[in-house]
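Have a look at the structure below before the remarks.
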Amino acid sequence: MIFNAFERLVAMRYLRARREEGFISVIAVFSFLGIMLGVAVLIIVMAVMNGFRQELLSRILGVNGHLTVFADGGGINGYDDLATRLMAVEGVTGVSAQVHGQVMVTAEGSATGALVRGMRREDIAARPILADNIISGSLADYGVDDGILMGHRLARQLGLRVGDNVTLVSPSGTTTVIGTVPRLKTYSIAALFDVEMYEYDNGFLYMPLDAAQLFFRLPESVNAVEVFVGNADEALGARRSIQQALGPGFRTVDWQQTNASFFNAIQVERNVMALILSLIIVVAALNVISGQTMLVKDKGRDIAILRTMGATRGMILRIFLLSGASIGVIGTICGFALGLAFSSNIETIRQALQRLTGRTIFDAEIYFLSRLPAEVDSTEVAAVVIFALILSFLAPLYPAWRAARLDPVEALRYE
């Protein structure tokens, strides 16, 4: 082993400071707590940022396609033939023709804006994030008697339930001899969905494709075709093949273009948070340096006696290196365990704190998601632990070197 039994014994004795060395002990305790909390907080924050990005990505790409095809002229005619051509492209796993439009939703004196998507029932059933998250009603009633699918938060905002009627008002009205008359139609709510993303639950509703074509005046055409590929990261490569299959008159937008600013902001925030939180570990390591420097000055007589009894400079260096590094190593291990335990139970902890304080800690209206996600990346955790361990061994190196260079004669001269 690098450290022999004698060096370990002396180093551990120096970690247990006597009463007259209480201040040094306090510095050691705060150094330990600083490294432990720094490692734990860094692991937790990185896990939350990873979980936040992954949850948003899975929901955005569950509700929306990996790529969306638009026609330069507006409507897309012959969309079924177009879908057949796209399905023949290598890597494409699904194609869905849609009608997108904005409406005003009114019911019982309340009104709010919403985004309508006209889709066939089988296309909705093929999207698990929608089909598996019906919390009220049934997808089987979708399209029956003008039945539509609505986000549960939107329904709650308007005071609606399954079976109630809702009126949709189109922003483009009908021109008559007496002026422009708003175009509106009443539909019944067939089912409510909850995808646990505030933006969709509070602002989306789905209606049958033929009903949407009639409402938005797009007979025999659609205004968007969504395409799914095997992996979201393959969307950019598939985009070129899809564009070739489409030919002129169409443009393709992938999910990275649509949400570029959003995910770039998350990445920048994640990197900045990691940098800031890393400083906690650095500051704790500086405390180790100061504490070990004071310990070396206080143990000058002991060092001189050990040298006169035959201890080499290397032994003295290793004793104080082990004494200081032990604080960082133990703090890193405890922080690692605390960070993983907290990350694994973060949603339970959040709910407990909300019940205890009576305040909303993670507001869905601000953070888009209705629960606090966390996903631990083993590579990032390993990087944090290695970074902390390196600092733990570097911090006490200078005080240990000073202790090894101490002249026994000078140390004992005034004793």
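I'd like the full set of residues that are farther than 17 Å from ASP201 by Cα, modelled with pLDDT of 90 or more and open to solvent by 10 Å² or more (accessible area, probe 1.4 Å), limited to the range 98-115.
The answer is none; no residue qualifies.
On the given criteria, is ASP298 surrounded by fewer than 19 Cβ atoms within 10 Å (Cβ to Cβ) and among the acidic types (Asp, Glu)?
Yes.
So that you can scan it fast, the table gives a plain yes or no per residue for (1) modelled with pLDDT under 85; (2) under 30 Å from ALA337 (Cα atoms); (3) charged (D, E, K, R):
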position	(1), (2), (3)
MET36	no, yes, no
ALA40	no, yes, no
ILE44	no, yes, no
GLU55	yes, yes, yes
ASN64	no, no, no
ILE76	no, no, no
ASP81	no, no, yes
ARG85	no, no, yes
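Return the residues of the range 218-258 that are surrounded by fewer than 13 Cβ atoms within 10 Å (Cβ to Cβ) and either in a strand (DSSP E or B) or at positive phi (or both); say none if nothing qualifies.
If the condition is that a residue be surrounded by fewer than 13 Cβ atoms within 10 Å (Cβ to Cβ) and either in a strand (DSSP E or B) or at positive phi (or both), then GLU220, GLY247, GLY249, ARG251 are the ones that fit.
Filter the range 354-384 down to residues that are open to solvent by 80 Å² or more (accessible area, probe 1.4 Å) and hydrophobic (A, V, I, L, M, F, W, C) and give me whichever is modelled with the lowest pLDDT.
ILE366
Could we say that GLY310 is over 33 Å from the mean Cα position of the chain (by Cα) and at positive phi here?
yes
Show the residue pairs that are 6+ apart or on different chains and have beta-carbon atoms under 9 Å apart, the first residue being within the range 389-401 and closer than 14 Å to MET294 by Cα and in a helix (DSSP H, G or I), the second being of a type in the set (A, V, I, L, M) and open to solvent by 60 Å² or more (accessible area, probe 1.4 Å).
Taking only residues 6 or more apart or on different chains, the pairs are PRO399/MET294.
Against the definition (crowded, with 16+ Cβ neighbours inside 10 Å and touching a Ser or Thr at 6+ places or on another chain (Cβ under 6 Å)), how does GLY137 come out, yes or no?
It is false that GLY137 is crowded, with 16+ Cβ neighbours inside 10 Å and touching a Ser or Thr at 6+ places or on another chain (Cβ under 6 Å).
Take the residues of the range 71-87 that are over 36 Å from the mean Cα position of the chain (by Cα) and among the acidic types (Asp, Glu): which is most open to solvent (accessible area, probe 1.4 Å)?
Per the stated criteria, the residue is ASP81.
What's the number of the condition ILE60 fails, among (1) modelled with pLDDT of 85 or more; (2) part of a helix (DSSP H, G or I)?
Unmet for ILE60, out of (1) modelled with pLDDT of 85 or more; (2) part of a helix (DSSP H, G or I): (1).
Within the range 33-70, how many residues are under 25 Å from SER278 (Cα atoms), of a type in the set (A, V, I, L, M, F, W, C) and surrounded by fewer than 23 Cβ atoms within 10 Å (Cβ to Cβ)?
Counting residues in the range 33-70 that are under 25 Å from SER278 (Cα atoms), of a type in the set (A, V, I, L, M, F, W, C) and surrounded by fewer than 23 Cβ atoms within 10 Å (Cβ to Cβ) gives 8.
Being closer than 30 Å to LEU391 by Cβ, within 27 Å of the chain's Cα centre (by Cα), surrounded by 14 or more Cβ atoms within 10 Å (Cβ to Cβ) and of a type in the set (A, V, I, L, M, F, W, C) narrows it down to one residue among ILE303, ILE276, ILE289, ILE266; which is it?
ILE266
Is it fair to say ARG318 is touching a residue at least 24 places away in the same chain (Cβ under 8 Å), in a helix (DSSP H, G or I), surrounded by fewer than 17 Cβ atoms within 10 Å (Cβ to Cβ) and in contact with an Asp or Glu (Cβ under 8 Å, 6 or more places away or on another chain)?
Taking the combined requirement at face value, the residue does not satisfy it.
The values are calculated or read from the model by the stated rules, or taken from the named source; none is laboratory data. Computed from a predicted structure; not experimentally measured. No Cβ is skipped: glycine too gets one built from the backbone with ideal geometry, and neighbour counts run over all protein chains shown. Calculation scope for accessible area: heavy atoms of the full protein, side chains included, ligands and nucleic acids excluded. Shrake-Rupley method; radii C 1.70, N 1.55, O 1.52, S 1.80 Å.
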